[in-house]
Structures are given as C-alpha cells and as structure tokens.
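In what follows, a single structure is set out as structure tokens and then discussed.
The values are calculated or read from the model by the stated rules, or taken from the named source; none is laboratory data. Model, not experiment: these values are computed from the prediction. Reconstructed Cβ throughout: ideal geometry from the backbone, glycine too, with neighbour counts over all protein chains shown. For accessibility, only protein heavy atoms count, side chains too; no ligands or nucleic acids. Shrake-Rupley method; radii C 1.70, N 1.55, O 1.52, S 1.80 Å.
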Number of protein chains: 4
Amino acid sequence: MAGNSFGTLFRVTTWGESHGPAIGCVIDGTPPRIPLSEADIQHWVDRRRPGQSRFTTQRREADSVKILSGVFEGQTTGTPISLIIENEDARSKDYDDNKDKFRPGHADYTYWTKYGIRDHRGGGRSSARETATRVAAGAIARKILGPAVTIRGALIQIGPHRIDRARWDWAAVEDNPFWCPDRQTAQQWEGFLDGVRKAGSSAGAVIEVMASGVPAGLGAPIYGKLDADIAASLMGINAVKGVEIGAGFGAAALSGEENADEMRMDRGKVAFLSNQAGGILGGISTGQDIVARFAVKPTSSILTPRRTVTIAGAETEIATKGRHDPCVGIRAVPIGEAMIACVLADHLLRHRAQCG
Amino acid sequence: MAGNSFGTLFRVTTWGESHGPAIGCVIDGTPPRIPLSEADIQHWVDRRRPGQSRFTTQRREADSVKILSGVFEGQTTGTPISLIIENEDARSKDYDDNKDKFRPGHADYTYWTKYGIRDHRGGGRSSARETATRVAAGAIARKILGPAVTIRGALIQIGPHRIDRARWDWAAVEDNPFWCPDRQTAQQWEGFLDGVRKAGSSAGAVIEVMASGVPAGLGAPIYGKLDADIAASLMGINAVKGVEIGAGFGAAALSGEENADEMRMDRGKVAFLSNQAGGILGGISTGQDIVARFAVKPTSSILTPRRTVTIAGAETEIATKGRHDPCVGIRAVPIGEAMIACVLADHLLRHRAQCG
Amino acid sequence: MAGNSFGTLFRVTTWGESHGPAIGCVIDGTPPRIPLSEADIQHWVDRRRPGQSRFTTQRREADSVKILSGVFEGQTTGTPISLIIENEDARSKDYDDNKDKFRPGHADYTYWTKYGIRDHRGGGRSSARETATRVAAGAIARKILGPAVTIRGALIQIGPHRIDRARWDWAAVEDNPFWCPDRQTAQQWEGFLDGVRKAGSSAGAVIEVMASGVPAGLGAPIYGKLDADIAASLMGINAVKGVEIGAGFGAAALSGEENADEMRMDRGKVAFLSNQAGGILGGISTGQDIVARFAVKPTSSILTPRRTVTIAGAETEIATKGRHDPCVGIRAVPIGEAMIACVLADHLLRHRAQCG
Amino acid sequence: MAGNSFGTLFRVTTWGESHGPAIGCVIDGTPPRIPLSEADIQHWVDRRRPGQSRFTTQRREADSVKILSGVFEGQTTGTPISLIIENEDARSKDYDDNKDKFRPGHADYTYWTKYGIRDHRGGGRSSARETATRVAAGAIARKILGPAVTIRGALIQIGPHRIDRARWDWAAVEDNPFWCPDRQTAQQWEGFLDGVRKAGSSAGAVIEVMASGVPAGLGAPIYGKLDADIAASLMGINAVKGVEIGAGFGAAALSGEENADEMRMDRGKVAFLSNQAGGILGGISTGQDIVARFAVKPTSSILTPRRTVTIAGAETEIATKGRHDPCVGIRAVPIGEAMIACVLADHLLRHRAQCG
C-alpha cells in the first residue's frame, strides 16, 4: 500500500509539497453529526504555525484551513472531509543554488535514490510543512474523542538541557515560546537557543505527550497495539529518532518489583499505584494517563558548510540558507499531540467495532 | 482492521494461545520459486527456543515448525505459507491459582477490560510464546532479502549494566547465553542475573539490531516510513517500552553539525562519513547499516508478592510461580531480528512495486 | 496486499492446497463472548461436503473442522480463530499424467505464467477445495449476524434449464440434491444431469442467495459499497462469471417508473412496494431482502479430449479423469451463502465503528 | 476501513459532494518519472463531461482538472497526486422542494438511515458527479499501463434494444452520442431515447469494456482475483446492478466442451482458440482480451410522480425536476473504462511486487 495514508478506521491521507500551490488532506471515517467548523481546526493549526517567535522559521504562512467536503450545515456527514491549506510564502529561489546538492541529514539523497526525481524546492514532499495537515486532522480526531479526553504536549529537553520535572506546571506550557512546563528552564533555553541561532547551528529536543481520560480497552493486539501504533505515528514525524512509552528506556534498569504497577480498588474502580507502563499493558490502554516521549534531532539545515556530493557525483560543500527553525523540536509539540489524537480516535472506532 | 496481521505485501498473520493445542502463522505474499525447507525455518526458531540456559524459562518446547502449505517440491509457490508449532509442555495448572487475579505488569487486566473474557492459561494470547511464529516468519523474510542482507542482534544492557562498545565483537554474540557482544560484560551479567533469579526478581534489557547490506531506497514516505514501521514492529514485541534509530534519544543533545552525516564519493559511490541517522533519512534507507535499539522491561512475573485485585474487585496479593525468564530481554534478540527482517522484506517488495 | 485475505474488520485469511496435508483459515476480528463450538461450524461445512449425491465429486472427505485458537470455554475471546481441515482422500496420482499439460478452462496456464511454478495435484491452490474454509468462516459470520438475519441460497438454473419462480418453495431446497426451490424442475434436472454426467460432460448453473433481516444502513460508500463487496465476494468463487443484484441485467430493460421502488409507511416504518433494488441503494442496505445471483460456468474437467499445450510448448490433447462434479454450481450454493454472510458481518462491524 | 479509497498499490481516494465547492481525489502509489500534464487527464475527463448532447444532463460544468501535487517539471515524483475539479453550475435551489422527501431509487433513504444527516443538494456524495474524479484517476492509470494496453468501452444495449454484434465497429463508437459500436442501432436508439426523454422517463443500459494488450499473469488469487476486483469496481459505479466477465451469465447454459477455451501454439506463443473466459482464468489474466459487461438501471430521477415518504414519516409523492440524464448508462462508458484501467494498473504493480 502506498505510504501517504495512516489509520485504519479514522483514516488520513495527506498530499502536497512545500512549495507547490497547496497542501491538504482527506479524512475518511469520521462519524456523522459531529459539529465541526473551520475555526475548530484553525485553533490547533495556529499552534504549529511558523513565525510566532524568533525560535521558529520566519516563513510567513497564514495556514488558513478550508473545508472542501464532508461537512453540511455545521456537522460532519460521515463522508470524507477534504481540507486544503494554500502555500503563500514559498520562496523557491532560496533553494535554487543547492538544488543539485544533497543536504546532509535531509531526505534529498534518499528521495533521489528511491524515485530518480525530486521536487527540491523547500524539501518538496519531505518538508515538515506537510505536518500542518496532520495537525488539522488531529483537530478532528479530538472532536471524535470528545471533551473527556485531554491530549497535552510539552518540551522537556532542548539540546543537552532538560527540565526539572519537580517544577512541572502545565499552565507554564502556554506562557513561553517553547511549550516548556518548567518556567525556570524555559528562561535558560532562551539564552541557549539564541546562541545556537546566532551561530547558524541547531539543537535537538525531547517532547512528552500525555493523554488523559482515555478509556481502558483501546488497542488491537497483537499487531495493532496502541503503543506500537503510537510509536509509528511519532517516529514518522520529521526528524524523530526515538520513541518511548511510560518508563521507556529507563525500564531496562528497573527491577521487576519496581516496574510492575500494583493495583488497588478505589471507590469501586481499579486504581494503579504507579504508571511505569505509561497507560498501556499488552498493547491495550489501562485507563491511566498515556505517556509518550519522542526525540527530535537538530535541524539539518545549518549555516556551517558541510561536506556533501552532487547529483552528478561530484564532491562539494553546502551551507543551507533559506528560513529554518533553529530547533524543529519546538513545533513538534502540537504535531506529536495531533498524531496521538489520531491514533486514539482510530482505536476508539476500532474498539467500538469489535467490542462495542 | 483486526490486529493479528502485519506487513503490507509480505504479510504475516499469527494465531494461537500459550496453552492451546498449537500456535502458528500464515505468511502471504512470498515471491515464488524461493527454495524453502522446514530446516531453514527451524534454524532461526531454535535460537529463540526456551530452556537453553538457566537464564531463560524452563518450559520444555521442541518448537518444531511444520509447513502446511505454500511450498511444493522444495520451493515457494507464491501461495500462502501456513506454519504450525504444537504446544507440548503447557502446564496450565500452574496458572489455576491466579486465574482470577490480575498480574501487575501483565496484560491480564487490559484483556479482561477489553474483551470481558480471557484465556488465562499462561497468558493466553498475550504470552510471548506467540513470538515463536514471528521468528518463523522472519526466517522466510531473510530468504526474500537474500544473502546480501545480514541482520544481527545483540544485548547491550541488562538491568543497569551496559556493555563497553569499544569491546564490541560480533563473534562473541554466539558464545554466551546473553547474545552479548562484549565478553567481559557477559561474565559480569552472569553473576548479576544469577542474583536476580535467585531473588525471584527480574531485570530489563536493551537490544541493538543491525541490518547490513540493505539497498538504498527502501521506505514509503510519509506514513510507511522505514523507521516508523521498524518502530511499530519493535514496540509491538511483548514488554518493549522504547525504540530508537541511529543516535536515537542521544540525537537531542547533539548540535546540527554533529548530527548531519556528511557525504563523500568512494569509488564512484556515495559514502557517508558517519551514521547518526542509523541508515534512514526521510523514512528511506540510505544504504548504510540500519541500526535500531529497543528497551525491554523486566519480566512481570516475579516471586515477590505484589498488591493487586481480582476480577470480582477484591484486593489481594499475587506471587507468580510458573516458569519464567528472569530477563525476557535475552530471548527478545532473535525476535527483534525477525521483526526487522519482516519489515525489510515487506519494503523490498513495496519498493519494487512502485519503483520497479 | 497479498491476495489470501478478505474483509476489513471481520477478516478471513485462507491457506492450503487441494492435495497438501490440510487446508485452513484464520479469522480475525470476531467480537468476544460469542458461543462457538466445532459443531456449530461443522453443520455448515457438511452442506458443502463432496460425495453426498451422484451429482457431486466422489472424493471422500470427512471435512472435519478443528478449532485451534480463539475460543475459550465455549466462547470466542476476540483473538484470532484458527480452523484446520485435514485432507484425507487426496489421490494425487490421478493427476500425474496431466501434470505438464494445461487443462483448458482451469487456472493451470495462468498460475504457471504468473508464478513459474505450481502445485498441479488436484489444482493445488486453485482447487475449489479451498472453499470449504470459506464455508467455515461463514458459519462464524452467521453467529455475528445473529438469529435475526437469515441467509439462504438456491439453484435456479442448470445448463439452459431455469426454475419456474411461481413454484418457489424454500422448503423444497433441502429436499433434493440440487438445492432447487422448485420440486418439479428438480426432477427434470435429475434426468438432464445424469445425461451430462454419463457423457463425461458438464453443465453450468445460476445461484440465487437471499439475506433477510439485514438492518438498513450497512455499506460503506463510495468504495466499500455493500453491493460492490458482494460482487467481489461472489465473483471470487471458483468458476463464477457473472453477478447481479436485484433486477440485475434485467434492470437495463426497465423504464425508470418500473425500476424505482416506491415507498409507503407501514405501522410507523418505511415499507417499499417492490424490490428491484435487491435491498441495496447507493451501496447501503435498505432493510429489504438482499437478493444476489451469480452464474457458474460448467466444470472445466471433462472426459472429452480437448486441444491444449504443454509446459514445454508442445501441442497435445487432454481428457481430465480424476473425480469431478458434473455441475460445480450445486456445491456453490453453500459457498455463496457463506460469502454473503462474511460480507454482511464485516459491514455490521464497520457500520458500528463509524455510526455505532 | 472507511470507504472512500480503492486499490491496493495504485490507490485512489476521492472526496466531494455534488454541490460543494469542489470535488477531487488523491492518487497514491504512482511510479515516478511518468510524464503527466493536466491536458493528459483533461482529455479523458472531457469524454464524461455533461451537456455534450441532448441525451445527457444539461448541467454545464467545464470540469477543469487541476493538479495540486505530485508532479514536478512535467513528471510524476512518486508522491501523492492531488486533483481538484471545481463545481461551477450547482443549482442547489432545484433540490430545495424535495429536500425532505426520499427520492425512490436514489440513495436518499439509505444515507439518511445510515448517517442521520445528508447533504441533499444534488444527491450530495451519492451523486454520479463523483465519478468525474474516477475518470481523472483512470487517466493516470492508463499512463502506468502504457501504450501497449488499450481499454475501450461501448454501449451495447439501451432499454430493451441491443446492438447487432455482427455490425460491431470500434470506429463507430466515437461517431454517435451513445458510444454505440453499431451505427444502425445508434440511429434507432436516437428515436427511442427522444421518446423516453420527452415522456420524462428514463432508460437503462448495458456497457461492454474490453482491455487489449494486458500481459498474462495479473491477478492475486484467492481474494484479489482480477475478475473479483473488476466486479467490485464496476458494481461500485452509481446505478450498476450486474457485472459479467467473458461469457458471463450465458456461461451457465454452455456445455463444458463449449466453455473451455482450447489452446494451440502460434509462433512460439500460447494461443487460445476462443475467449469464453473473457481473458481471466483462476483470477489471473490469460493475455487475451479482458471482456467485462455491466448493467445500469434507468435514471431514478423522473418527471412522473412516484409515491414516497418524508423524513418525518409522512406519505407523499415526488417528481424529480433538476437536470438529469435520460439514460445514465451513456456517461457510464468512460467511467467503466476508467475503473478497469485503475484495477489493471493496481494489479500490474502488485504483480511486479511479488513476481517482478
């Protein structure tokens, strides 16, 4: 199956290149009679929009989402929802100098090797611009999940600098340009990232996403496990190199006693005494918070010249100008939230189908 | 789509419970005219077989694989290959005492919540016994990939104890009961794990799998990326809590300069000067070694009593007897290799379909 | 996607060759807690079993179905159900003479051309023997649909001889070896088919299947229409060359006035005054009886020598001995019922997922 | 899986309503480096365009296709191709009078029952307007198949009036407003259909599509058979009630001797002496012409008042004004061709994947 769709019952197909006329997606499988407006979607897309601080790309895109189908008189009809976002500030000329060079760390070489052709302008299809449509899809997924489910993300590390989890404050996340839940660390990051930016360099990051209110029972073992689907959805975000659930890689160092979340009863319901599992056991949600983290590598587009080769096989150097995020991890926060929203909406429908 | 199949063109469907009459799988999409015998498959399945050292479960299973279809006169015919492994040493009575209790860290509670019924004997469908069929499927995947592709795994951490990568020796991997590439660390692990075992406790682990000889160009962006499919395939192995590719979580702390793998020409071919990417850029293989790591939590079945609840909602304690691996991560090595073999075989066929 | 699975949420994967050790299927997506025994399945498989009259093949197969997984203490668990039927009376030697010749009307030539290898014994994978597993799957589909849905098939034409629909009596269907709803025609067929059989020839047939009690609303437009899925499921049965729904090909000759089924209210519910639509409009069930018909070509294995060629490209003749049905359409009745049961069960789950 | 996509490797997802701002589709899986322009697609879409004779709807739509992605410098890039067609002449007011009534023979009642909401304007999603995007997709499918494959359709029956096959002339097809291969019959149809149109009635039709030059070996048995996929693709076209391949329903009346296509050698290649099979055996193409036919019911929108009910459950009558085709079968010819082109392109890629 071709690779531009994800989800089984809540199914998203995206299309578009960074510097083409538009990008968009088709969302199939949405239940009918859900109230939905363009503003509902725009709210979330705006959170990912570029140019909102000096720490993200200066490309100016309104990122206005238009609904072309699937909504009638303010409600979903159950038919496919087509969304479109026009590309406005595509300065393709910025890329002309380097169109025959493979930018290290980018997909230039692999697209060329695979397809024998590529739209080099702004990275074409491999540009993170495509993720705007994921965030749009995530907005609809949230509608399906309903108000009882809350999905929130935060940046917990930039470069080598981690937050202090003891200072975690969800309210802080909306207060700084980093989605950082630790105000003190956010201030330190500002200085650090200004230095990175001025040096023409870039930094990586780690994002944590938490989904609360997810009912127990979602997930389709053995090969549609909730954590496996989350892992794929996050690893598939541009520049992501690692994914973990709950205790994650730290689980390897725990003892069996420390790792197994004990259970008690609390007002007639099962209550877990810890959440090393990150809300998923055997691929199925436990009803606890689902906790996922993912690592984003530093932006590959940097000003420092790097050694590379051309399409013709000549050795050369490259320094990437264009307009870039010094830390793409920042804008990955709303993307990570959106991907998890989509996975959960899909599994809600899948669970209803089999066990409903 | 129901959750017991994986792969798109090389498609594996598994079935069976830990203590049912048998387990098995159906493998669809194998190219025709590939020589294949039961012995070819048995070779790999034997590597995962229990009871081969004191560090794995003492359950005695021959794990004999039988081919029921899809092979004629020693060659694949292109029709589905049905494999079956009979369950021989299923001591279901070991589980009777605890059949109404939810074992912490296990899938007991979530299966019960999802389905309202579960085969409690030996964990039923959620038992790692199911992974024997994945290893069998992986053997066929290796045949499709051919001898130019080598997929090898190693254990690089048990509990808090990591190997010294400077001592990495692939030859060592076959020499110790841990698939450890560092002989010195392997000896230390022996003492550590004996202690864990005698204490009735358990330990986690980290596994690294490397695939060499993979051609550049495999992977289906945007939502069938090679790394995303690897992430799902590894996260879907029992007890896995984290997955990373190349520099992984460490990439977050690198600078853009350090992270981007530079390129030169070497005898007419593109050569990368480093492999932070782990062999994948933009979701497509670069031709370098593909490097993936995954973390396995400690075995949840431990002798120390833990607090839990019963199906009826009563608080109780549980100590899991049965026969268990003190570190399930050990036997995860051949499973991780098999999953990556299956993902690569699938993408080889997918690439051939689109790009011929 | 490889071709040995069908259905989206109720998903059946079949495997096995006519003269291999066994045939079987894996059924994924069955809702949990449905009572299910081997006898429940055997009941339906027996209706398709060969050797029950002189008008079907004399191959002696008990066709005993064994459940290998997915059922615990008499109930489905929601995990995959693996079914196996052993091949007992496979006389492969009957086929040795013709193993290098392509039997006209059979799949010999196309399998050979596609795969470059084929299991020639009894037709291998292309044998109608595979359909026993479909009937087994259909038995489980009927359980999902529940007792309110009735799916019944009947033979309405053998060779050029059609039934008289005015004499249609469902009770008659179980009374004769043809599943014929018209007793008088059944008697005529007996003479006709004896003649065909003695001449070593064969005859085609038309089957009608009716599903009653299907709720309105099943079907996934635009490309998962209920009628499109039924068409695929019936056309995919061995030897089928045509499928129609409701008025079918006859609809072409109707006027718009005759064709459009008018509606009135009847005790508070919508009642249609006719059923030209065959119970499906816009790809969605109307709540009326679903009526489908399919045409089966004459058995290709005949005693009269026919011109053909060998694998090596030599011209030759062939007369097919073996044990064959003079009219394969007869045993297609339970198969057609089973396919429609599977399609309906799948759409019931799909509908519940989206609109549930 | 939601129902608005079809194909496995050549995968088409369509969206849009009859009276929304636009309709469109996303085509995923196209091989890279195929020359493709908007004009290439427009050529085929124009053949389906309304208003080209008095025998089709008078709705005036330019049906201009725009490519929004997936093509770079005149070639496909292997990324998804997004196509959009704006709706220009949508007179939604024509439908206001009847918005609460279920039009007999239309999908009004079933959409309402399934979704509880529907875009009534011009039939919304269930309008045949959606098929313009299929024809656009078919144009790309033809490019994949290449010039050696020719797919041509013809109308062979309108109402009760069939062509005389002895007069079949492919050149005639482009000469008359019916795509009729028999000039003499085309003239008779003109009178017949004028009568139907003036009476405010409608007529059904039968279409035949032939694909020549298709290589042997395409088709994925058992459940992705080429004929089963063709059957689904044709039955899924609006108003289709029957599909047949080769001898079709006529095969039921043939003897085994008549039905089995004999084989001889011709200049070193296998040559069939007849084509009752319609180019497909065992679900795999034989290399002969693929011949498929499908029946289209009369247009359900007629001027004669018919009995029906309202959303509120009141009995009423309806006469459909709007602008309608007296025989929707005419415009089904290019749609049928397109669907078969898409199925063949998909199977070409599938075959290459497994056997390539």
Item checked: Peptide ranges C:187-196, C:206-215, D:132-141 listed from the most packed, as the mean C-beta count within 10 angstrom indicates -> D:132-141, C:206-215, C:187-196
Check: Just for the Cα atoms in segment C:93-162, what are the lengths along the principal axes, largest first, rounded to whole Å?
Finding: 50, 33, 24
Check: Using alpha-carbon positions, what is the distance between the centroids of segment D:132-196 and segment D:270-308, in Å?
Finding: 13 Å
Margin query: Spelling out what I want: for every residue of segment D:165-176, take phi, set θ = phi - 60°, compute 6.51 cos²θ - 1.76 cosθ + 1.60 (Karplus), and round to whole Hz; glycine and proline get x.
Written below: 4, 5, 9, 4, 9, 4, 5, 5, 4, 8, 9, 9
Next item on the list: Working with all protein chains in place, sort B:D94, A:D89 by solvent-accessible area computed with a 1.4 Å probe, largest first.
Entry: B:D94, A:D89
Check: Taking each residue of C:268-275 in turn, how many C-beta atoms of other protein chains fall within 10 Å of its C-beta, and what is the average?
Finding: 2
Note to self: With +1 assigned to the C-beta of every Lys and Arg and -1 to the C-beta of every Asp and Glu, and no other charges, what is the dipole magnitude of segment B:107-250 about the Cα centre in debye, to the nearest 20?
What the structure shows: 420 debye
Next item on the list: Name the long-range amide H neighbours of B:T57: under 5 Å, sequence gap of 5 or more, or other chain; modelled H, no Pro or chain starts.
Entry: B:G51, B:D325
Item checked: For the protein assembly as shown: span of alpha carbons on each principal axis (Å, largest first) -> 85, 70, 66
Margin query: Using the crude model of +1 on Lys and Arg Cβ and -1 on Asp and Glu Cβ, and no other charge, please compute the dipole size for segment D:41-88 relative to its Cα centre, in debye to 20.
Written below: 300 debye
Note to self: Can you work out which chain A residue has the shortest Cβ-to-axis distance for the rotation that carries A onto C, and give it in Å?
What the structure shows: A:A353, 2
Check: So what's segment B:237-315 giving for Rg/Rh, alpha carbon basis, Kirkwood Rh from the mean inverse pair distance?
Finding: 1.30
Notebook entry, point to check: When the gyration tensor of segment A:1-143 is built from Cα positions, what are the square roots of 5 times its three eigenvalues, in whole Å, from largest to smallest?
Noted result: 30, 18, 11
Margin query: Can you list the DSSP H helices in chain B whose Cα atoms extend at least 20 Å along the helix axis and whose mean Kyte-Doolittle hydropathy is 0.5 or higher?
Written below: B:131-145, B:332-355
Notebook entry, point to check: Which distances, shortest first and in nm, link D:K93 to the matching position in the other copies, using label points set 7 Å out along Cα to C-beta?
Noted result: 4.9, 8.5, 8.6
Check: What's the center-to-center distance, using Cα atoms, between segment B:52-74 and segment A:67-119 in Å?
Finding: 47 Å
Check: What residue among A:I163, A:S126, A:V149 has its Cα farthest toward the positive end of the dipole of chain A, where the charges are +1 on Lys, Arg and -1 on Asp, Glu, each on the Cβ?
Finding: A:S126
Margin query: With viscosity set to 1.306 mPa s at 10 °C, what whole-number translational diffusion coefficient in µm²/s follows for segment D:72-193 from Stokes-Einstein and a Kirkwood radius over Cα pairs?
Written below: 86 µm²/s
Note to self: I'd like the Kirkwood hydrodynamic radius of segment D:205-356, using the inverse of the mean 1/r over distinct C-alpha pairs, in Å.
What the structure shows: 17.7 Å
Check: Quick one: in segment D:39-120, what % of C-alpha pairs are over 14 Å apart?
Finding: 74 percent
Checklist line | Of D:K198/D:K241; B:K143/C:K225; C:K66/C:K101; B:K66/C:K143, those spanning more than 29 Å from alpha-carbon to alpha-carbon | finding: B:K143/C:K225; C:K66/C:K101; B:K66/C:K143
Item checked: Value at 222 nm in deg cm²/dmol, rounded to 500, when DSSP H runs of n ≥ 4 in chain C each add -39,500 (n - 2.57) -> -8000 deg cm²/dmol
Checklist line | Fraction in percent of alpha-carbon pairs per bin - 10 Å, segment D:150-285 | finding: 10, 32, 35, 17, 5, 1
Check: Rounded to the nearest 0.05, what FRET efficiency is calculated for B:E174 and B:K198 with R0 set to 22 Å and r the Cβ-Cβ distance?
Finding: 0.25
Note to self: 5 Å is the cut-off here: which amide hydrogens, built 1.01 Å from N in the peptide plane, fall below it relative to A:A22, excluding neighbours closer than 5 in sequence?
What the structure shows: A:E17, A:N87
Item checked: Calculated label separations, B:Q184, copies of the chain, 7 Å along the beta-carbon direction, nm -> 3.9, 9.7, 9.8
Notebook entry, point to check: For segment D:259-305, what Kirkwood radius comes out of the mean inverse Cα-Cα distance, in Å?
Noted result: 13.5 Å
Checklist line | For B:K93, net neighbour charge (Lys/Arg +1, Asp/Glu -1) across residues whose Cβ lies under 11 Å away | finding: +1
Check: Got a sec to turn the phi values of segment B:68-73 into Karplus ³J(HN,Hα) couplings, 6.51 cos²θ - 1.76 cosθ + 1.60 with θ = phi - 60°, whole Hz, x for Gly and Pro?
Finding: 9, 6, x, 10, 9, 6
Check: If we hang a label 7 Å off Cα along the beta carbon direction at B:D40, how far is it from the matching labels on the other copies, in nm, shortest first?
Finding: 3.9, 3.9, 5.3
Next item on the list: Take peptides D:77-84, A:154-161, C:347-354, B:300-307 and line them up by average Cβ neighbours within 10 Å, highest first, as a rough protection proxy.
Entry: D:77-84, C:347-354, A:154-161, B:300-307
Check: To the nearest 20 debye, what charge dipole does the protein assembly as shown have about its Cα centre, counting +1 at the Cβ of each Lys and Arg and -1 at the Cβ of each Asp and Glu?
Finding: 0 debye
Checklist line | Where the Cα pairs of chain B fall when distances are cut into 10 Å bins, in % | finding: 5, 23, 32, 25, 12, 2, 0, 0
Item checked: Relative contact order of segment A:98-196, pairs being alpha-carbon contacts under 8 Å that are 6 or more residues apart, as % -> 15 percent
Notebook entry, point to check: Mean separation of Cα pairs under 8 Å and 6+ residues apart, divided by the residue count of segment B:66-121: what relative contact order is that in percent?
Noted result: 25 percent
Notebook entry, point to check: Can you pull the three principal axis extents for the Cα set of segment D:282-335, in Å, largest first?
Noted result: 55, 24, 13
Checklist line | Interchain or long-range residues, amide H under 5 Å from B:N4's placed H | finding: A:I222, A:Y223
Check: Relative contact order, percent, of chain C when contacts are C-alpha pairs under 8 Å separated by at least 6 residues?
Finding: 22 percent
